[in-house]
Amino acid sequence: MERTKVAELLRSTDFGKEVCVKGWVRTKRGNKNVAFIALNDGSIIHNIQLVADVAVFGEEALKPVTTGACIAATGTLVKSQGQGQTVEIQAKTIEVYGTADAETFPLQKKGHTLEFLREIAHLRPRTNTFGAVLRIRHHMAYAVHKFFNDKGFFCLHSPIITGSDAEGAGEMFRVTTLDMKNPPKNPDGSINYKEDFFGKESNLTVSGQLEAELGALALGLVYTFGPTFRAENSNTPRHLAEFWMIEPEMAFYDIKDNMDLAEEMLKYLIRYALEHCKDDLEFLNNMYDKELLNRLNSIAASSFQRLTYTEAIEVLKASGKKFEFKAEWGVDLQKEHENHLVDHFKKPVILTDYPKGIKAFYMKQNEDGKTVRAMDVLFPYVGEMIGGSQREENYDKLHARIKEMGLHEESLWWYLETRKFGTCPHSGFGLGFERLILFMTGMTNVRDIIPFPRTPKNAEF
RNA sequence: GUACGAGAAGCUCAUAUGGAUGAGCGGCUGCCUGUUAAGCAGAUGGCAGAAGGUUCGAAUCCUUCCUUGUACGCCA
């Protein structure tokens, strides 16, 4: 008999129908006469209840049906006699695919802390929480592609391995096939990378932006959605060494178009989640964060507060609040400052036109000679969600800035050539996918947002 | 990387000023004719992260290291 998913069975009113269901046992309870098995197959957060008459199956046959075991069952879909569910399956056959020794299976019926579940990341997808998070993560990934596709963007696959060391977004992971115990040396004792796989030093990418710009200057509207790697020793609930980033890049967009796109996209994604992840969001709302649904609904309906860095400094100064670090023009905003701004406006804030000294080389320089057309989107709950800018399209200005900042000009030759050949105004931004999911789920640590987190001192699984 | 906190039973935690280690849950055994993270009863289960040190005596005090949490920094 063909397997029917639990999600479908729970919607069905086809009572009397013979069905087959397969999944993992969450709990089994009952007495001498009847056993109730809560079965979950991952298709939905809810379980279906199997009712097994002990007289039919025999006590011994039901023994291996324990929490964590995988089974296939056939039976009749019936209206539940008990409370708590509308439909259930009166079981006729049960086949055990895989047992789970109750003494050693680490997931118990009662809840576990998220910290403990991180230690058993290979099994935590079987919990309600991670089922919900991972389903939401999937829907958000799909929604990102759908959003861009519907707007005429093309997905561009930027490289994972890069020979460029000038992206400037953080420390990089070296990629090499050289024998680390005995690397080939130059006469001066340094390592000879000419012997390495690519004939030069290479690393894992920290951003697909520069390549996305090349794509935008040919296809118009593009976006990347891929993994990025940063070897920073960042120990916070918002940082990972390996994370996923969405980086749209748009020809002919100025900073305002850029902001409009970022705001439209974020609201679209929130609405998409509210529409397609209802059960999972309700579970997370009840279990972790009672304000989750309110927050999602309110931000989907809000219009983001836009102001310049200079105006933000004024707001901070006028607040009269005592900050640990004084808010002063020219200094990068501290977390406490960002938090104050978001609290002050009570909605997402888009900050623009930062001092050029604290931003990356590729951002378009303003006429004032002091600021660049950067934009950061600050969100309640998670902080910096997006970082982006209008890009500097003028060759001379870009070149001067690269020299001024002491960057390795030669390795950026290809990037500079786009400004020589058919340059145009363009903009883009980077959205941290895990931070988006953090916001979307009400979870508090990105280690619980990605199936297998990579953080300093941790690459298990 | 900095600051502070935490590492004891499978899990979550009590163990007041250093003085024979405790509980709840899980798992196990038994009871209960439809249960809902079921209920009731019982037994089992740990030389307290690692290494040193102080002391008659250390889970408790000190040192170093490891792991982990939170805040901050780097950013997304």
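The values are calculated or read from the model by the stated rules, or taken from the named source; none is laboratory data. These figures come from a predicted structure and were not determined experimentally. All Cβ positions, glycine included, derive from the backbone under ideal geometry; neighbour counts span all protein chains shown. Heads up: the accessible areas ignore ligands, DNA and RNA and are worked out on the full protein's heavy atoms, side chains in. Shrake-Rupley method; radii C 1.70, N 1.55, O 1.52, S 1.80 Å.
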Rounded to a whole %, the carbon-and-sulfur portion of the accessible area of the stretch A:102-238 at a 1.4 Å probe is 52
Carbon and sulfur: what percent of the stretch A:6-98's accessible surface (1.4 Å probe)? 51
Taking chain A as the reference, fit the longest principal axis to its C-alpha atoms, fit the long axis of helix A:278-287 to the helix C-alpha atoms, and give the angle between the two in degrees, 0 to 90, nearest 10. 90
For chain A, the longest principal axis of the Cα atoms and the Cα long axis of helix A:395-404 enclose an angle in degrees, to the nearest 10, of 90
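First compute the accessible area of the stretch A:346-461 with a 1.4 Å probe, then give the percent of it belonging to carbon and sulfur atoms.
52
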For chain A, longest principal axis from Cα atoms; helix A:335-345 axis from its Cα atoms; angle between them, nearest 10 degrees, is 80
Considering only DSSP states other than H, G, I, E and B, which chymotrypsin sites (Phe, Trp or Tyr not before Pro) in the stretch A:193-258 qualify as loop sites with at most 15 other Cβ atoms within 10 Å? A:Phe197, A:Phe198, A:Phe252
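Give me the percent relative contact order of chain A, please, defined on Cα pairs under 8 angstrom at least 6 residues apart.
13
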How large is the accessible surface per residue of the stretch A:395-461, computed with a 1.4 Å probe and reported in Å² as a whole number? 44
Based on DSSP H runs of at least 4 residues, each adding -39500 (n - 2.57), what is the mean residue ellipticity at 222 nm of chain A after dividing by all its residues, to the nearest 500 deg cm²/dmol? -9500 deg cm²/dmol
State in Å² the accessible area per residue of the stretch A:116-183; use a 1.4 Å probe, count heavy atoms of protein chains only, and round to the nearest integer. 52
Pairs of Cα atoms under 8 Å, at least six residues apart: use those to get the relative contact order of the stretch A:6-98, whole percent. 32
Normalised per residue, the volume inside the convex hull of the alpha-carbon atoms of chain A in Å³ amounts to 197
Excluding residues fewer than 8 positions from A:Lys290 in its own chain, the aspartates and glutamates with Cα under 20 Å of it are A:Glu275, A:Asp279, A:Asp280, A:Glu282, A:Asp343, A:Asp448
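What are the GluC sites (Glu not before Pro) within the stretch A:252-354 that DSSP puts in a loop, where the Cβ has at most 15 other Cβ atoms within 10 Å?
Answer in residue order: A:Glu291, A:Glu324, A:Glu328.
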